1. When Cβ neighbours within 10 Å are restricted to other protein chains, what is their mean count per residue of peptide B:35-46?
2. Say R0 is 60 Å: what FRET efficiency, to the nearest 0.05, do B:I407 and A:M265 get from their beta-carbon distance?
3. Quick one: Karplus J couplings for the range B:110-126, per residue in order, coefficients 6.51, -1.76, 1.60, θ = phi - 60°, nearest Hz, x for Gly and Pro?
4. Local charge sum around A:R64 (other residues, Cβ-Cβ under 14 Å, Lys/Arg +1, Asp/Glu -1)?
5. Using the Karplus curve 6.51 cos²θ - 1.76 cosθ + 1.60 with θ = phi - 60°, work out ³J(HN,Hα) for each residue of the range B:654-667 in order, rounded to whole Hz, and write x for Gly and Pro.
6. Taking the simple approach of a point 7 Å from Cα along Cα-to-Cβ for both B:K149 and B:W54, what is their distance in nm?
7. How far is the Cα center of the range A:7-86 from the Cα center of the range B:117-194, in Å?
8. Using Cβ counts within 10 Å as a stand-in for footprinting exposure, how do B:M94, B:M479 rank, fewest first?
Amino acid sequence: MSTADRPNGAPQGRASLKEAVLSMDLLLLGVTLLLMGIGLMMVLSASGIMAEKFFGDKYHFFHRQILFAVAGTALMATVALAPRKRIYSLKYLLLFGVVFTLLAVLVTPLGLEINGARRWLKLGPFSLQPMEFAKVALVVYLAWFFSRKQELVKSFSVGVVPPFLVTGLMCLLLLLQPDFGGAAVLAMLLFLMCLAGGTRLVYLLLSLCLAGGGAWLLIVQSPYRSRRLLAFMDPFKDALDTGYQLVQSLYALGSGRIWGAGLGMGKQKLFFLPEAHNDFIMAVLGEELGFAGMVLVFAIVGVLLWRCFVITLRQEDLCDRLTAFGMTLILGLGAILNMAVVLGTAPPKGVPMPFLSYGGSHVLCAFLCVGLLLNLSRTAGGRNTAQGRAA
Amino acid sequence: MRARKANKPLPASRLPKARTLRLGAAVDGSRVRIVLVAALMGLAWLGLLGRAYWVQVVDGPRLASLASRQHVASEYVSGERGRIYDRAGHLLAMSVEFKSIFARPLEVENPRAAARVLANALSRPYAEVLRRLTERRKFVWIARQVGDKAASVVADASLSGVYLTTEYARQYPDRHLAGQLIGFVGLDQKGLEGVEKAFDGLLAGREASFPVQRDASGRRLYLDEAGREVDIDGGDLHLTIDEHVQFVAEEALQAAVRDNEAKSGTCLVVDVASGEILAWAEYPFFNPNTYRDSSPAQWRSRIAGDAVEPGSTLKAFVVAAALQEGVCDRDSLYYCENGRWRIKGATINDTHKYKWLPVHKVLRYSSNIGAAKIGEGLGVPKYYEYLSNLGFGRRTGLPLPGESRGILREPGEWTDVDLAAASFGQGVGVTALQLARAYLCLANDGVLRPLRLVRSPEVEREPDRAVFRPEVARQVLAMLRDVVMEDGTGTAARIEGLQIGGKTGTAQKAEPTGGYGKKYLASFVGFVPVDRPRFYIQVMVDEPQPSHYGGVVAAPAFKEIAVKSLAYLGELPDVGPLPAAAMEVAGDAENKRIVHKFEVGENAAGSVAASADRDDGRVPDVVGYSLRRAVALFARRGVMPAVRGEGLVVARQSPAPGGSWEKAREQGCVLWLARGDERS
């Protein structure tokens, strides 16, 4: 993990550490940990039976997820307390590290192929999905780029081409895996970062058209993608094959009704919902905790995003602000896209739910984002942090 | 980093004034745009919440009912029926997967279009298919056990309301081999006869109406409601039958029945030490693959189901009982009335006329009168007690449908004539299984043990029971030896180099009108070798003609089975010229396919008896071996060597030692013989 080389703790001594912690957005920290707790509970419920089947251990995924959560929390704390400059100085290292691992996934035997896609890097008992860290690396790079080249961003060759080239390279590597969803997420990040970074709207509109055309080409060229898209448009037409996941997800949610079947009582996860503990964990939650549980999760995620945007808007430094904005986007887009898939309003594309879905890479990535936001929250609203939090 | 810092002044110098202004404007401009993005995301989030409300609360009941329907009847699968194996693991019965097509007419959206597709794919009349698709039923079969091509066409068409399911058809690779024993299953995969019926509970695949999950390797998982994995495949059944011995027995039995123009015949081969039945042959044969072309008379098992009057084979037991009770000893003399004895209005005849015979000769010459007199001395209660202890009148408990318990009347109903008749095997009904079990008692030092037909799973068995003292059993065995080895009735069963013991039986069959007529049941039972019994072989031939003596009709079959089985196991003794029978092990082109299985079977021989010769899968060096041993070694691998020259010892061989058996089979083998003076 490329962020592993951490700087020596910035705040010196107990008093300054306490001060640093207190100056953070503790509400953001609270909802993050709450969400992670719900995630652990749901992973246990969703994966227990399958884990017993395949690994002979009911707690296989649960234990691993706890490990990820602990590692993620440590990462978050480190990033939150580290000097910001140190983090920004890592941007190229991050960028090259991500490109390098993306290449390694494709060309080295360490690349792990699951269901026809090489998206993972095998590292002993764990596998790493570089795509998750690509998002963070891209955001840090773009934030730095737009803030430092602000006077140039409105010109095409210097202001538009480099970020597009970097993003394009990453998207290309993702498409080779193939990971269409991942590439789409990076493209969205680029677009929204450009938007906030001040790129001319003309360019953005132009790129939107280009992206739309490119996506259409990609979809038309791959029967797999077009089938998935068609299945999404009418999942019930081919409910046993391509529309399967969507239909099963809707069945699960529908079965949950208002109050749910009760924790651990869901039936869809038993046989029907593939990867119930991964991307479709919200379907399991919806079945077991009902609409009430969904409202709870929506509210928690809502509070999380609200705090993220507040932190973002309170940044005075453009680089800080864009970084915060990007981290917010990673979390927010992840949640929205995942929910859209689970609720049958977007085609399945393999986007996990931040903190809730099982998986090491995205949990670490989400904690990384929150860690950076917590770090930034220390300077939210100038030096007047206490007031900032009270507001 | 450094390069970039160096770059910095360039743009700055290009737009020096605008910089600070722009930066401030950018921060403010970005604030507006970020708020815009936040608002959009908030809207999306609220929209998704609304969608969740719709899916869960408004549309929830409908989706929930769809989901529960899928819980109850998603896929209709039946597990694979278990296989039946012989003792060495050769397949006797297996299931082959087929696709069947069914419809739920209520779910068929466009019956006409569906019927057109189905009629084309299945080559069936359109009208008939349409009629089925529109039946007012929940479930109709469209076609069962269709070909792969038709199934894939139907699957690809993915017609609404039309489903494919997996069914299995039963196949018996060895055709008629042990047909009556194995039995068969009906179209619905229910065992209807034989062990298929008796072990239906074990073999039958269970049906799953719950859904199926495939893991990454494509293996199907069946989970019950609580998520536990369920194995819906049936269990396998391993019989004690040895495919090869079975084949040899069937071949010999067929020859005995055909040559003697008999009606039918049965044969059992049992491993004496374990009581395991190695062969269960019944002629006419029954091929379970085509059971619909056969009649119930052909597929019901006579060995288990028919009680017959055994005739003289029962004499061994009256003698044993009398010896045990001290009524007589081996040399006690009985007057045999010169071949004709009248008691209480009945006449008992002997085939040959005898005056005084000692007990052991009564058995050797099979004198009815002598046996009747021994029985008379024993008395009804004692004789009944022994017959009962030997298991007559009681089922053997083998797991088979329709086993007869035989006919053994209560002792109070017996007259003196009944006792006399029962002493030489008339008026008592026994099944072939009961007779085999009783004879095995003699070979096991007088201990009655249950027969075994199933190796696994474990079957509950009766406890052993001591019936005779060991010395009594051995004494009778010695008398049985004399039947074959001396001037007895069973000399046709002799095998050179082996001590054989046996007993002939020539039972007159009772007429339906009463009394005994001109029809006979000829039988021969015996042990190979008799000094240390290894196999028990029992041959019964029903209504042979013109010759009807057990010693003539059944004994040769006994001999052939014994020789071929021993040759196959490599246990023929090393004496005398090779009997022609052993050379025929791999003969009979008609049955080549069955024999071929032994050729390819890796461990064909090893299971019944651990072979003395190491078998490393290569052609062994047999130079210096006796011809018999060499032939046995080759025969076990299904290769019948040609023999050149005269003598008893192999002088040269082709192919050379160490070659592969496949090559040997292709090229053929030749053994050159030399006069083996050193072995003479």
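Each reported figure results from applying straightforward, stated rules to the coordinates on display, with no laboratory input. If you're wondering where the values come from, they're calculated on a predicted model, not measured in any experiment. Glycine also receives a Cβ, built like all others from the backbone with ideal geometry; neighbour counts cover every protein chain displayed.
1. Details: counts 4, 2, 10, 10, 1, 3, 11, 5, 0, 8, 8, 2.
Counting Cβ atoms of other protein chains within 10 Å of each residue's Cβ and averaging gives 5.
2. On the way: r = 63 Å, r/R0 = 1.04.
Taking R0 as 60 Å, the efficiency between B:I407 and A:M265 is 0.45.
3. Along the range B:110-126, the couplings run 10, x, 5, 4, 4, 5, 4, 4, 5, 4, 5, 5, 9, 6, 10, x, 4 Hz.
4. Numbers: positive: A:K58; negative: A:D57.
With Lys, Arg at +1 and Asp, Glu at -1, the neighbours total 0.
5. Calculated HN-Hα couplings, in order: 9, x, 5, x, x, x, 8, 5, 4, 4, 4, 5, 5, 7 Hz.
6. 4.8
7. 56
8. Working: B:M94 18, B:M479 26.
The fewest-first ordering by Cβ neighbours comes to B:M94, B:M479.
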